[in-house]
1. Look through region 282-299, keep the residues that are free of Cβ contacts under 8 Å to residues at least 24 places away in the same chain and not in a strand (DSSP E or B), and return whichever of them is nearest to the ligand (Cβ to nearest atom).
2. Looking at region 181-202 only, could you name the residues that are open to solvent by 50 Å² or more (accessible area, probe 1.4 Å) and over 21 Å from residue 382 (Cα atoms)?
3. Out of 133, 153, I need the residue that is within 18 Å of the chain's Cα centre (by Cα), assigned to a helix (DSSP H, G or I), more than 16 Å from the ligand (Cβ to nearest atom) and not hydrophobic (A, V, I, L, M, F, W, C). Which one?
4. When you scan region 104-130, how many residues do you find that are open to solvent by less than 60 Å² (accessible area, probe 1.4 Å) and either within 24 Å of the chain's Cα centre (by Cα) or within 16 Å of the ligand (Cβ to nearest atom) (or both)?
5. Provide a single number: the residues in region 400-431 that are assigned to a helix (DSSP H, G or I) and surrounded by fewer than 18 Cβ atoms within 10 Å (Cβ to Cβ).
6. Give the residues of region 328-345 that are assigned to a loop (DSSP other than H, G, I, E, B), open to solvent by 10 Å² or more (accessible area, probe 1.4 Å) and more than 16 Å from the ligand (Cβ to nearest atom), sorted by residue number.
7. Please determine, by comparing only the residues of region 254-276 that are among the aliphatic types (A, V, I, L, M) and part of a helix (DSSP H, G or I), which one is surrounded by the fewest Cβ atoms within 10 Å (Cβ to Cβ).
Amino acid sequence: MQYGNCVKSKPLLLLNIAQLLTLALRSGADGPRRGASLSDLGIIQHAAVLCLAGKIVSVGTTKDALRDPWLKKNRKKVTEIDCGGRVVLPGFVDSHTHPVFTHPRLVDFEKRISGANYEEIAEAGGGIRSSIDGVRKASKAALTQKVVAVLADLAGHGTTTVEAKSGYGLSLESELKSLEAIRAAAREWPGTVVPTFLGAHAVPPEYRERSQEYVDLVCNEMIPAIAKRKLAQFVDVFCDRGAFSAAEAAQIFSAAERHGLAVRAHMGQLSETRLGPLLRYQPASLDHMDHVNAADLPALARSDTVATFVPGANYFLGLSKYPDARRFIESGVAVALATDYNPGSSPMLSMPMAMSLACTHMKMSPAEAIAAATINGAWALRVADRKGSIEPGKDADLAVFEASDYREIPYWFGENRCALTIMNGAPSGHLPS
Ligand SMILES: [Zn+2]
């Protein structure tokens with residue numbers, strides 16, 4: 001279940017594209033990109049794309065497009081966008097965000113800079129507790145407006161599909177309110193939103209020292225209520241030291257399975273957890289993966305579970321260590337990149353910035369970073385049948401960048417070079433001429 005808006009717009013023709021990154025595989029092989037295929041961007045030079053009713057209908061060179069008999073006859077009915085030698089790629093699929101919160105965590109930021117640890121930050125009134133208080137007190141309308149603003153910003157940076165998690169309410173009422181805010185915001189946005197229930201983000205303060213009781217509440221009350229109201233596609237668990245154990249994650253996964261919800265997890269951010277018992281539930285994605293047992297990589301590579309890296313969190317927490325992307329890629333694991341947009345550890349909504357960090361700190365090539373931010377993000381959300389590449393039949397989700405070479409996208413870091421996004425066939429504005 002996703003929220004997406006079908007657009008009954010005029011036919012749309014993008015032409016004079018210097019490089020069109022189709023991400024279409026030449027071999028026609030299916031499944032998430034692994035190993036060498038991660039670098040295959042399916043580039044067409046001097047390209048054009050024709051979209052109709054929110055879908056891509058044809059992809060080729062500008063020359064061939066202009067010779068097309070249908071287009072010759074119908075040109076007046078078509079909205080044309082002259083891309084003027086820019087780069088066009090599939091809109092980014094940001095497969096990991098936490099957009100439902102009320103305020104930035106500036107105490108955490110300042111305290112961490114001065115060397116405070118997690119406990120000292122919490123004592124100073126920061127930490128996840130302050131986000132929980134904010135969400136519990138906020139009205140659904142106020143949360144909706146926050147999410148609406150985030151979605152607009154994401155689109156401004158080239159993102160057209162977003163996974164949005166709850167997880168700062170941590171009570172039945174506040175989690176429902178958060179997921180309803182996601183649904184209400186998604187209805188106001190032309191892009192596509194995939195909602196995720198993250199009740200198991202942290203043990204809320206009133207359940208301190210009673211985490212099993214809280215897990216039972218997540219499994220026996222929250223998941224059934226959310227499934228019944230169709231408020232989430234995925235159930236997520238923060239499985240790590242100081243959060244939820246692998247056994248608790250398995251209990252939550254099995255409750256999700258019983259209620260027809262797919263699963264994903266935050267994994268290996270702080271410490272290593274063996275993956276075997278959780279891979280049994282076929283998680284769509286395991287995210288962070290800073291710590292992993294090398295013996296788990298072959299099983300991960302054989303599965304369609306994507307390992308999603310979120311280097312914005314490593315950057316913002318001031319870590320010198322990043323996930324070992326090369327090892328995952330060389331083992332044949334499907335990898336994706338996401339922002340992990342959240343107020344505590346990654347207040348970043350730019351996928352190009354995530355890609356830049358992946359290139360400079362994780363030694364992913366610019367081509368690998370692009371595939372990880374588009375088609376493999378779509379696999380991580382199980383929407384690859386519609387998203388993540390520019391091919392006839394897929395949704396018309398495109399990003400136009402102020403660049404003539406795709407490598408400029410992660411190269412010009414700290415500056416937004418996204419000139420235009422098209423979401424389900426709807427352009428977000430006009431290109432500067
Ligand atoms: Zn996260």
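The values are calculated or read from the model by the stated rules, or taken from the named source; none is laboratory data. Nothing here was measured: the structure is a model prediction, and the numbers come from that model. Counting neighbours? That spans all protein chains shown, and the Cβs are built from the backbone with ideal geometry, glycine included. The protein model used for the area step is the full one, side chains on, heavy atoms only, and it has no ligands, DNA or RNA in it. Shrake-Rupley method; radii C 1.70, N 1.55, O 1.52, S 1.80 Å.
1. 291
2. Matches in region 181-202: 188 only.
3. Result: 153 is the single residue among 133, 153 that is within 18 Å of the chain's Cα centre (by Cα), assigned to a helix (DSSP H, G or I), more than 16 Å from the ligand (Cβ to nearest atom) and not hydrophobic (A, V, I, L, M, F, W, C).
4. Of the residues in region 104-130, 4 are open to solvent by less than 60 Å² (accessible area, probe 1.4 Å) and either within 24 Å of the chain's Cα centre (by Cα) or within 16 Å of the ligand (Cβ to nearest atom) (or both).
5. Result for region 400-431: 2.
6. Within region 328-345, 331, 332 meet the criteria.
7. Here the answer is 255.
Results for (1) modelled with pLDDT of 95 or more; (2) within 16 Å of the ligand (Cβ to nearest atom); (3) over 22 Å from the mean Cα position of the chain (by Cα), shown as yes or no for each residue.
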| residue | (1), (2), (3) |
| --- | --- |
| 264 | yes, yes, no |
| 274 | no, no, yes |
| 301 | yes, no, no |
| 316 | yes, yes, no |
| 323 | yes, yes, no |
